[in-house]
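Please read the structure below before turning to the comments.
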Amino acid sequence: MLLKKQQKWVNTKPCFGHVPGVEIGDQFRFRVELALVGLHHEQMAGINHATIEGKEYANSVVDSGLRRYGNRAASPDILLYSGQGQTFEDQKLQRGNLALKNSMDAKYPVRVIRKTILGSVDATTTTKKMYIYDGLYKVRKFWPERSKSGKLSLMFELVRLSRQPDCNHQSITKPRRSLKYLEDNNAETGYDVSGGKEKVPIMVVNEISIEKPANFTYITKIMYPHWYQVSLPEGCDCVGGCSDSIRCPCAVKNGGELPFNEEGSVVRAKKMVYECGPNCKCPPSCQNRVSQHGPRLPLEIFRTKSTGWGVRSQVEIPSGSFICEYAGELLQDKEADLRDNDEYLFDLDDGEGFTIDAAKYGNVGRFINHSCSPNLYAQNVLYDHDDKRVPHVMLFATKKIPALKELSYDYNYKLNRVLDANGNIKMKKCFCGSRKCIGRLY
């Protein structure tokens with residue numbers, strides 16, 4: 001507690017994915033150090049979890065290396081982890097065990113820290129115990145298993161995510177990162193840019209310099225001006241949830257089918273997608289309520305080498321997955337033309353003269369870069385009003401995207417069509433690096 005009061009702890013807020021300033025293979029001599037750097041806040045329990053909307057999700061586990069707990073490595077990239085509970089009674093799907101299952105269902109990554117025994121330290125000591133950060137894993141499945149004591153244990157299969165540096169925890173010799181390194185290194189500045197407003201933290205990481213993103217106010221929804229009156233749409237009566245049926249007016253508006261599958265992925269791009277809204281009687285878990293819930297993937301804002309700040313996911317993204325909304329201030333075009341900074345303007349394509357400006361007020365969407373070969377696309381969505389002139393701009397994955405791959409969409413500028421205040425053609429180079437890059441953004 002003294003170190004907390006002295007602000008010697010870093011990364012104190014729960015987060016999913018990698019912890020800023022800690023690299024795979026970093027070693028820690030004492031269990032408390034894991035809490036000091038934010039890798040694993042629980043100092044006794046093997047499963048650390050965070051609360052999101054009243055539900056617990058696991059974000060890290062410590063493998064004790066003790067076979068009496070049932071933990072074992074099925075292969076270098078697969079850990080069979082015994083759940084939480086007393087050895088003299090059957091384990092139950094509660095607390096940390098339930099949090100691991102919830103992370104499996106939500107596809108949240110879990111940090112794995114392995115306790116291992118290294119080689120000789122000196123003439124009198126033959127072993128040395130160390131905690132080594134092994135990287136991100138996904139919980140693939142779990143099952144009950146009878147232990148030697150005759151009691152049931154819950155076994156969780158954790159599989160290491162691909163595209164991570166190798167970590168041979170049996171033979172690591174590199175020195176661990178000290179707490180002072182985390183305090184002095186630029187990566188220590190990692191923080192949740194949403195300030196806790198999003199259900200999943202949006203972490204900022206800069207591995208290139210000490211620069212931070214320019215100041216702006218984080219919002220989670222589009223910000224309507226005082227003169228705009230929101231008109232609520234009619235709702236459905238599907239108390240148990242919507243389905244592809246002529247009896248569901250929301251499905252009818254979507255052409256007789258729900259736009260999302262059971263996994264929450266969009267089925268196909270449409271001119272407009274209609275989600276269930278505030279007047280609908282279906283529950284929040286309805287299959288037709290997806291993008292309105294906000295980002296669910298562990299997104300990360302990072303400093304790129306050539307295009308400023310960018311966004312990536314700490315886990316693999318399935319095709320059709322919702323990423324985030326492009327949130328900002330709703331402006332009329334004439335007002336947008338007077339703004340000094342036009343880098344964050346998103347013109348709504350209905351020809352009605354409305355623009356979203358994310359320069360001063362925005363969310364993680366404002367950091368997603370353009371690419372001539374994008375892996376995201378912008379989908380118009382309505383749910384909290386029925387004004388087709390000002391839809392929500394929601395970004396979805398066009399294909400399966402590997403973990404840590406930069407996310408991008410086509411800004412859809414027309415060459416020689418962007419003008420300055422004097423009517424002169426503006427030109428801006430494109431640095432997306434795609435093989436299909438045309439060399440200019442506009």
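Numbers at a glance
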quantity: Separation of the Lys436 and Ala106 label points, Cα + 7 Å toward Cβ, nm; calculated: 3.4
quantity: Of (i) 1.10; (ii) 1.01; (iii) 0.96, the label for Rg/Rh (Cα atoms, Kirkwood Rh) derived from the coordinates; calculated: (ii)
quantity: Pair Thr217, Ala269: separation of 7 Å Cα→Cβ label points (nm); calculated: 3.3
quantity: Angle in degrees between helix 95-106 and the longest Cα principal axis of the chain, rounded to the nearest 10; calculated: 40
quantity: Residue exposure sequence - Ile24, Ile222, Ile47, Ile117 - by fewest surrounding Cβ within 10 Å; calculated: Ile117, Ile24, Ile222, Ile47
quantity: Cβ-derived FRET efficiency at R0 45 Å, Glu257 paired with Leu419, nearest 0.05; calculated: 0.60
quantity: Highest-MSF residue in the chain out of Ser60, Ser306, Ser243 [GNM, Cα springs under 10 Å]; calculated: Ser306
quantity: Label-point separation in nm, His226 to Val32, each point 7 Å along Cα→Cβ; calculated: 5.5
quantity: Long-range HN-HN contacts of Ile317 with modeled amide H, under 5 Å; calculated: Ile401, Ala403
quantity: Estimated 222 nm signal from helices in the chain, with DSSP H stretches of n ≥ 4 weighted -39500 (n - 2.57), rounded to 500; calculated: -2000 deg cm²/dmol
quantity: Loop trypsin sites (Lys or Arg not before Pro), region 277-371, which have at most 14 other Cβ atoms in a 10 Å radius of their Cβ (DSSP); calculated: Lys281, Lys305
quantity: Stretch gain in nm, segment Ser243-Arg339, where the contour uses 0.36 nm per residue and the Cα spacing is subtracted; calculated: 30.1 nm
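Read-outs: derived from the displayed coordinates by stated rules, not from any lab. Quantities reported herein were computed from a predicted structural model and do not represent experimental measurements. Cβ atoms come from the backbone with ideal geometry, glycine included; neighbour counts cover every protein chain shown.
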